[in-house]
Structures are given as C-alpha cells and as structure tokens.
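See below for the structure under consideration.
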Amino acid sequence: MKTEYDIIVIGAGLSSLMFLSKMISKKSKLSILVLEQKDSIVRNQSFCVWEGPGLINIEKEFKLRAKHRWDKILIENNKEKIKKNIHPYHYVCHDGHSTLKKLSRQLNAKVKIFYASKVTKINQIDEKIQVISSEGNFCSKYLIDSRPKIEKNEIKSDYMQQAFIGNEIEVKSNYFNEDEATIMSFSKNKTETEFIYQLPFTKKRALVETTLFSKNPDLRKLQQKHSRNLKKYGNYKILKSERGIIPMAVVEAKANKRIIKIGTSAGMVRASSGYSMRKIANWISNHKGKTLKKNNLLSFRYTPNPLLDFFDKIFLRVIKDYPNKSPDLFFNLFNQSNHKSLIKFLSDKPSWLDIIDIIMSMPKRLMLKGLLKKK
C-alpha cells in the first residue's frame with residue numbers, strides 16, 4: 001500500500017471536497033490522500049445558502065443541483081410576522097448527500113479517499129508530516145486539516161453553540177406553502193435563543209428543525225421540544241432526520257508552515273449564524289485561476305474578514321448575555337434592513353452602503369451593550 005503522498009487531507013466533508021474539486025486540475029500529477037473518519041458519505045444533512053446578484057453562483061461554479069429554492073421568506077416573533085419577497089435573490093437548499101457525492105465524483109483520479117479512517121496522531125518531522133491513522137501510517141509534505149475541533153487559544157470571541165434537531169416530514173393534506181421558507185419562528189425562551197426553521201419542498205413535504213443558540217445545549221431536552229413542535233402537523237411520516245451542534249465563534253487558526261486548517265476549525269463557519277457553504281465558496285473564489293501545486297498550498301490559507309468578525313463578536317455577546325433580547329435583534333434586522341443589503345451581509349459580501357444599512361437596522365442600545373462588553 002502506498003504510504004507517501006504530496007498532500008494528505010483529513011476529512012472528506014464539504015470544505016475539503018469543494019476545495020479539491022476546484023483547485024486540483026485534471027492534469028495535476030499531485031498525489032493526494034483523503035482520510036475520512038466516517039464509513040461513507042453522510043446521508044442526513046442539508047447545506048443552505050443565499051443566492052443572487054453579486055454572489056458566486058454555487059450551482060454553476062461547483063456543478064451542483066439545488067434541492068429547492070425560495071423567493072419568499074418568513075420571520076416570526078411574538079405574533080409579529082415579516083414576509084418578504086427577496087427576488088432577485090433566493091434562499092437555496094442543497095441535499096448534503098447528493099452534494100458531497102457529486103463533488104467527490106469531480107475529483108482528479110489521483111485523489112484517493114479512505115473511509116473509516118480515524119486519525120489518531122499527527123507528527124511534524126523536519127520537512128514531512130506523519131499521519132497515524134486506523135488505516136495505517138502515512139507521510140506527506142503538506143497537510144490539509146478539516147477536522148472541526150477548535151483550539152481554545154484560537155477562539156477570539158465569546159463561544160456559543162448552535163444545536164439543531166430536524167426531520168423532513170410528509171403530511172397527508174396540503175399544509176405547506178412551498179414558495180415560502182420560514183427562516184426563524186422564535187419560541188418563548190428567556191435563557192436561550194430558540195426558533196423553528198421550516199423549509200417546504202412541496203405542499204405536503206418539508207424540513208422542520210428546532211434550533212437553539214446556547215452555551216451548553218442539551219440535545220435530549222431539545223428533542224423533547226422538537227417532538228412537541230411536530231405535533232401541530234398532525235399525522236406525519238418522517239422521511240429523514242438530522243441533528244448536530246455547530247460551534248459559533250470567531251476563530252483565527254494558528255499559522256503552520258506545512259499544515260493549513262480549513263472548514264470549522266479555520267473559521268469558515270459564520271460565527272453569528274452557523275452557515276458555512278457560502279464562506280467556503282467565497283474562500284475558493286478568492287483563489288480563482290490558481291491550481292494547487294507542490295509549493296503553493298500555504299497561499300490558500302483562509303483569511304477572515306476583520307469587519308464581519310467585529311460584528312459577529314457583538315452578535316455573539318448579545319446572544320450570550322441577552323438571550324431574551326436576541327429575537328428582537330434578528331427580527332429588527334430582517335424587518336428594517338433592505339433585503340439585498342442583509343443577504344449580502346449574511347453572505348460575507350457587503351458593500352459599505354450595505355454595512356451602513358445593517359447598522360441603521362440594529363437595535364442601537366442592545367448593540368452598544370454588546371460592543372462595550374465585547375471580548
């Protein structure tokens with residue numbers, strides 16, 4: 001079995017596959033090994049993004065096909081509702097399994113993936129990286145590490161977690177409005193930020209998630225709440241289930257001459273929302289025209305946006321210290337801002353005019369409290 005490679009990649013998730021599918025040319029002679037801990041491609045997950053003018057067309061750039069798209073969105077808080085037609089923008093959902101499968105099929109033939117391969121140790125020896133795994137010991141000149149664990153000294157903000165439990169359900173009658181996505185329907189909760197997220201694919205089928213922003217989420221209690229939330233749909237059939245905990249923090253990965261981090265541990269998850277696909281696509285787009293070579297891996301290191309990190313630090317402080325007020329923060333943003341400015345802000349592509357619009361839409365006193373206490 002071959003044990004020496006030019007590059008080893010830990011993890012065959014979204015960030016790794018999006019990166020390798022675009023940055024490795026079909027003619028590349030680089031030998032690349034991907035070690036993935038799971039037995040196969042994850043089946044039950046979804047990736048959602050905003051799409052529209054001024055944003056990279058992810059479907060076109062990465063040769064993907066969206067599961068569904070919505071031109072209308074809904075936000076609810078204390079019986080107040082905001083319904084917005086966001087045309088020419090869209091809220092788009094990609095099925096996780098088909099997305100990762102399509103990306104893996106686009107890889108250069110020299111990229112080898114070992115599933116069920118748990119990495120137990122990494123050693124940096126002179127000009128080589130040694131990776132010890134359940135599949136065996138391997139060496140490379142460079143390492144791309146997409147494991148989600150974040151080192152404490154790399155966290156530059158308050159640390160929160162987004163926990164979610166969701167089911168794609170099917171009901172017998174025409175219940176859902178398939179043209180409208182419910183982004184946030186807030187629940188009464190004085191100690192944590194809690195809301196329902198509903199994406200209807202047809203009049204009878206939808207993904208329904210119960211989401212929590214918390215310092216220490218309890219998935220067992222969240223499951224109980226989610227089960228209660230599902231009762232309003234009457235008789236339903238569960239088609240698919242997903243659950244998880246996403247870290248919410250501003251992250252700055254440590255520099256290393258032979259190792260680069262990507263994905264969650266590199267800060268590619270938006271701290272204030274938990275979205276990642278758009279940040280990954282933006283990062284790759286910043287290197288458009290380049291291809292990965294033996295001596296240029298470090299030039300692909302992820303560089304965060306200081307201004308957006310500044311805003312996210314304030315958001316996280318508000319969510320952490322004033323959870324009973326955070327629904328007002330999100331509701332105000334969606335209610336008072338221009339939807340084009342908000343979408344570009346949420347997609348990490350705002351102009352200065354968009355930033356001004358966002359600032360004017362925020363509850364000033366609440367944001368000032370978050371600013372004065374910002375880490």
- Query: Condition test on Y175, is it of a type in the set (F, W, Y) and either without any contact (Cβ under 8 Å) to a residue 60 or more places away in the chain or surrounded by fewer than 16 Cβ atoms within 10 Å (Cβ to Cβ) (or both)?
  - Reply: yes
- Query: Is there any pair with a first residue in segment 310-334 that is part of a helix (DSSP H, G or I) and a second that is among the charged types (D, E, K, R) whose Cβ atoms are under 6 Å apart and which are 6 or more apart or on different chains, and what are they?
  - Reply: K313/K374; I314/K374; L316/D158; R317/D158; R317/K373; R317/K374; K320/D158
- Query: Among all residue pairs at least 6 apart or on different chains, which show Cβ distances below 7 Å where the first residue, located in segment 234-255, is assigned by TED's automatic domain parsing to the domain that holds I169 and of a type in the set (V, I, T) and the second is loosely packed, with under 13 Cβ neighbours inside 10 Å and at pLDDT 95 or above?
  - Reply: none
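Of all the residues that make up segment 155-186, how many are aliphatic (A, V, I, L, M) and under 18 Å from K83 (Cα atoms)?
Taking segment 155-186 as the starting set, the residues that turn out to be aliphatic (A, V, I, L, M) are 155, 160, 163, 165, 169, 171, 181, 183-184.
When the remaining residues are screened for being under 18 Å from K83 (Cα atoms), the result is 181, 183-184.
Going through segment 155-186 one residue at a time, the tally reaches 3.
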- Query: Quick check: is even one residue across segment 265-275 touching a strand residue (DSSP E or B) at 6+ places or on another chain (Cβ under 6 Å) and surrounded by fewer than 23 Cβ atoms within 10 Å (Cβ to Cβ)?
  - Reply: yes
- Query: Can you tell me how many residues in segment 159-190 are of a type outside the set (V, I, T) and either modelled with pLDDT under 95 or over 19 Å from S214 (Cβ atoms) (or both)?
  - Reply: 17
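Would you point out which residue out of K349, K369, K344 is at pLDDT below 90 and either of a type outside the set (G, A, S) or surrounded by 14 or more Cβ atoms within 10 Å (Cβ to Cβ) (or both)? Step through it out loud before you land on a result.
Numbers: K349 fails: at pLDDT below 90; K344 fails: at pLDDT below 90.
It is K369.
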- Message: With surrounded by fewer than 19 Cβ atoms within 10 Å (Cβ to Cβ), of a type in the set (K, R) and within 24 Å of I122 (Cα to Cα) as the only criterion, which of K237, K231, K254, K261 stands out?
- Response: K254
- Considering every residue within segment 96-111, establish whether at least one is over 30 Å from F331 (Cβ atoms), at pLDDT below 95 and part of a strand (DSSP E or B). yes
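Confirm whether N286 is of a type in the set (S, T, N, Q), assigned by TED's automatic domain parsing to the domain that holds K261 and surrounded by 14 or more Cβ atoms within 10 Å (Cβ to Cβ). Even if it seems obvious, please write down each step before you answer.
Details: of a type in the set (S, T, N, Q): yes; assigned by TED's automatic domain parsing to the domain that holds K261: yes; surrounded by 14 or more Cβ atoms within 10 Å (Cβ to Cβ): no.
Judged against the criteria, N286 is not a match.
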- Do you know which of the residues in segment 1-43 that are at pLDDT 90 or above and of a type in the set (V, I, T) is surrounded by the fewest Cβ atoms within 10 Å (Cβ to Cβ)? T3
- Task: Give me a count of the residues in segment 144-196 that are part of a strand (DSSP E or B), charged (D, E, K, R) and under 22 Å from N229 (Cα atoms).
- Result: 4
- Task: Give the number of residues within segment 197-219 that are within 10 Å of I165 (Cα to Cα) and not in a strand (DSSP E or B).
- Result: 1
- Please work out which residue is farthest from the chain's Cα centre (by Cα), limiting yourself to segment 325-370 and to residues that are among the charged types (D, E, K, R) and farther than 20 Å from G274 by Cβ. R365
- Message: Can you confirm whether D179 is within 23 Å of H94 (Cα to Cα) and of a type in the set (D, E, K, R)?
- Response: yes
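The values are calculated or read from the model by the stated rules, or taken from the named source; none is laboratory data. Worth saying up front: this structure is predicted, and the values here are computed from it rather than measured. Cβ sites come from the backbone with ideal geometry, for glycine too, and all protein chains shown count toward neighbours.
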